[in-house]
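Here is the structure we will look at.
Read-outs: derived from the displayed coordinates by stated rules, not from any lab. Since the structure is predicted, the reported quantities are computational estimates derived from the model, not experimental observations. FYI the Cβ positions are ideal-geometry reconstructions off the backbone, even for glycines, and counts take in every protein chain you see.
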Amino acid sequence: MDLEKRMESYRQILENEMQDIVSKDGQLYDWMRYHLGWVDRFGSPSSGSPGKQIRACAMLLTAEVCGASHEDLLRFAPLAASIELIHNFSLLHDDVEDESETRRGRATLWTFAGLAQAINTGDGMFAIARTAQYRLVENGFSPGVVLESMKILDETCLRLVEGQQMDIDFEDRVDVTESEYIEMALGKTAAMFAAPLSCGALLAGAPKNVVSAFHQAGLALGLGFQMIDDVLGVWGDTEQTGKPVGDDLRTLKMTYPIIYGRDHDSKSGSEFAEQYVTPPRTEADVRVLTQLLTDMGAREFTEQRADDEINNARRILSAIPLETNYQQSLQEFSDLLVGRVS
């Protein structure tokens, strides 16, 4: 089975489990379903985008390459759903913290439900994500394995909010260093790639050294993914991102290409550094800043750094003793993250 078919199979498993988990009636759950793309703001069925569901699919892919059967994956579904719900609760809060008005091409929840209700909905989604993991016991897993998976995800949530704190703090600073950015990205983004890979290996019964290798590969994949996301935050169009063009420049983010541009030893670098810290930010300003970054090669530099991280992950994954076709699926998955075509 090729990767595209595998991913579609994983999404179906995930969607069925999530629909069952988020099934209660009431406004709170309708708002959760809205954010997940299942209903419109009035609670009527909708064809909104649920997102790419990459993290949950990564967990199921890792489990399969470690020897899990299709029947096993059905047993693992609660953990995949938990991972996806954790990711989405963080996005609900992220939209509030960043004052983002669009997500996946639709109005963000806080814009019509209010800040307090959006925060509360995110809190509820986090609680459901955690309680979903108890289903693993019902599916035959030992309490020890369930506690270990919960420990991984609880620690991941802490790393996530630590990274988010740094990211928010960066918006009021112009002196963010590359090493600080890496620390932030490892928490905010990479931890949520490392956890699915290590959890997938854990549930499949892989030895500790293999679980650890998948964790390290996940960190590298996540860091590369964040850098590509940074590229999209400057140069991606609305169809790609679901957000306005140049959104990171508009919201004073300190992303990898922006740090590169600020530190670039050139006339364009000096001009960018001076203009970037001077609000207010008009659409004309965004276009000028984008062009300056383009002229300095910030996009190409960031894409190369992302490639370096993805290739590091590929090296780690290739050292894990797996069947050839499974190795191929992992390599294709790493390509998928950076939008490359094998």
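In the stretch 238-310, counting only helices (runs of 4 or more DSSP H) that sit wholly within it, the ones holding 2 or more residues that are of a type outside the set (Ser, Thr, Tyr) and touching a Ser or Thr at 6+ places or on another chain (Cβ under 6 Å) span 283-295.
Restricted to the stretch 19-47, and to residues there that are touching a residue at least 60 places away in the same chain (Cβ under 8 Å) and surrounded by fewer than 18 Cβ atoms within 10 Å (Cβ to Cβ), the residue that is farthest from Lys5 (Cα to Cα) is Leu28. Tallying residues that are among the acidic types (Asp, Glu) and over 18 Å from Gln165 (Cβ atoms) within the stretch 93-129 yields 1.
Is it fair to say Thr251 is touching a residue at least 60 places away in the same chain (Cβ under 8 Å), among the β-branched types (Val, Ile, Thr) and in contact with an Asp or Glu (Cβ under 8 Å, 6 or more places away or on another chain)? Spelling it out, Thr251 is indeed touching a residue at least 60 places away in the same chain (Cβ under 8 Å), among the β-branched types (Val, Ile, Thr) and in contact with an Asp or Glu (Cβ under 8 Å, 6 or more places away or on another chain).
Taken over the stretch 99-113, the residue count meeting the criterion of being outside any loop (DSSP other than H, G, I, E, B) and more than 16 Å from the chain's Cα centre (by Cα) is 7.
Only one entry of Leu330, Leu293 meets the criterion of being over 30 Å from Leu61 (Cβ atoms) and surrounded by 12 or more Cβ atoms within 10 Å (Cβ to Cβ), and that entry is Leu293. Candidates Arg11, Arg6, Arg55: the one that is in contact with a His (Cβ under 6 Å, 6 or more places away or on another chain) and either in a helix (DSSP H, G or I) or over 21 Å from Asp123 (Cβ atoms) (or both) is Arg55. Scanning the stretch 117-136 for residues being within 14 Å of Ala77 (Cβ to Cβ) and part of a helix (DSSP H, G or I) gives a total of 4. Give me a count of the residues in the stretch 10-45 that are more than 18 Å from Leu85 (Cα to Cα), hydroxyl-bearing (Ser, Thr, Tyr) and touching a helix residue (DSSP H, G or I) at 6+ places or on another chain (Cβ under 8 Å). Selection size over the stretch 10-45: 0.
Report whether or not Phe89 is without any contact (Cβ under 8 Å) to a residue 40 or more places away in the chain and either in a helix (DSSP H, G or I) or surrounded by fewer than 18 Cβ atoms within 10 Å (Cβ to Cβ) (or both).
Answer is no for this residue.
Inside the stretch 311-336, residues that are part of a helix (DSSP H, G or I), farther than 22 Å from Ala185 by Cα and among the small types (Gly, Ala, Ser) make up a count of 2. Among the residues making up the stretch 48-76, a single one is without any contact (Cβ under 8 Å) to a residue 12 or more places away in the chain and under 12 Å from the mean Cα position of the chain (by Cα): Lys52. One residue alone among Gly246, Gly236 is free of Cβ contacts under 8 Å to residues at least 24 places away in the same chain, more than 26 Å from Cys66 (Cα to Cα) and not hydroxyl-bearing (Ser, Thr, Tyr), and that residue is Gly236. Every condition in (1) touching a residue at least 40 places away in the same chain (Cβ under 8 Å); (2) crowded, with 19+ Cβ neighbours inside 10 Å is met by Gln216 except one, and the failing one is (2).
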